[in-house]
1. In region 103-118, which residues are part of a loop (DSSP other than H, G, I, E, B) and either open to solvent by less than 30 Å² (accessible area, probe 1.4 Å) or not aliphatic (A, V, I, L, M) (or both)?
2. In the set ILE95, ILE59, ILE7, ILE87, which member is in a helix (DSSP H, G or I) and touching a strand residue (DSSP E or B) at 6+ places or on another chain (Cβ under 6 Å)?
3. Give just the number: which of (1) part of a loop (DSSP other than H, G, I, E, B); (2) within 15 Å of the chain's Cα centre (by Cα) does GLY75 not satisfy?
4. Taking the conditions exactly as written (in contact with a Pro (Cβ under 6 Å, 6 or more places away or on another chain), crowded, with 18+ Cβ neighbours inside 10 Å and closer than 22 Å to PHE161 by Cα), does TYR82 satisfy them or not?
5. Output the number of the condition that MET265 fails; it satisfies all remaining conditions of (1) open to solvent by 60 Å² or more (accessible area, probe 1.4 Å); (2) in contact (Cβ under 8 Å) with a residue 12 or more places away in the chain; (3) over 15 Å from THR181 (Cα atoms); (4) in a helix (DSSP H, G or I).
Amino acid sequence: MNRKLGIMANCLRGISAVDALEKIKAAGFETFFTGNYKDADVAAIKKRADELGLEYEFIHAPFRNINQMWMPGMGYLEVFDYMKESIDAAAKHGIKYVITHVSSGWNAPQVNDLGLSRYDELVIYAREKGVILAFENLRLLGNLACLVDRYEKMDHVKYCFDCGHEHCYTKTVSMMDVFTTNVCCTHIHDNMGRPMEDKVNDFDAHLLPFDGTYNYEKMMRKLDEYGYAGSLMLEVSQNREDYAKMSPEAFLATCYERIKKISEM
């Protein structure tokens, strides 16, 4: 199956997303996402993407203090408003998806009625704006599954499959087997996995594919099995010192080579 190949536009050290797009296009990529969510930034990025013939596939909403969504009080409003602002920008500029987290950390709050009511409001807001909201897998499978199940009959609520998070957080669970046809987009990166007894340290390294130990052949079999036709989207950057030594062009060329190899498995 032919799938578009993409990368996050905020991937080059010292280069803004809008300025990176020409290099991303030259490397061979067809699509991208950003962590930018402010209207002015998104407008500039979308304009340049259209000029270059690149697809602006999704906005990754800010997730700082995401656990506040499940806690009493008004502390949730900052991240809640960030997510709404991301939805607004996506709707205004014709971007199909907004990706959001559900919780953070091994000791995240349990799902509760208060938090569910807040996510209900976001889901309704996204529907009114014509934007697909996708929840991403992290550490706690149950928290994610609760929301995916809650909104499974709503066509505009989907799931973002993050293979690196699967590898270092929920290695014994095949996320594609759990969420099957709800998958609308991907985050592709690598790491060394996690010792099963270690629930303290964070092994989410965001390495380039094949610099870690993730099984991409198995991943591609699962994507094919469940008919996933969306893009293969790299979530990697030059923020790591080993990649910062490369020129922007060399880094992007390596990224494209790696994701192309995966796509042909």
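1. SER103, SER104, GLY105, TRP106, ASN107, ALA108, PRO109, GLN110, ASN112, listed by residue number.
2. ILE87
3. The number of the failed condition is (2).
4. Values: in contact with a Pro (Cβ under 6 Å, 6 or more places away or on another chain): yes; crowded, with 18+ Cβ neighbours inside 10 Å: yes; closer than 22 Å to PHE161 by Cα: yes.
So TYR82 passes the test.
5. Status for MET265: all satisfied but (4).
The values are calculated or read from the model by the stated rules, or taken from the named source; none is laboratory data. These figures come from a predicted structure and were not determined experimentally. Don't worry about glycine lacking a Cβ; one is built from the backbone with ideal geometry, like all the others, and counts go over all protein chains shown. To get the accessible areas, we keep the full protein, side chains included, count just its heavy atoms, and leave off ligands, DNA and RNA. Shrake-Rupley method; radii C 1.70, N 1.55, O 1.52, S 1.80 Å.
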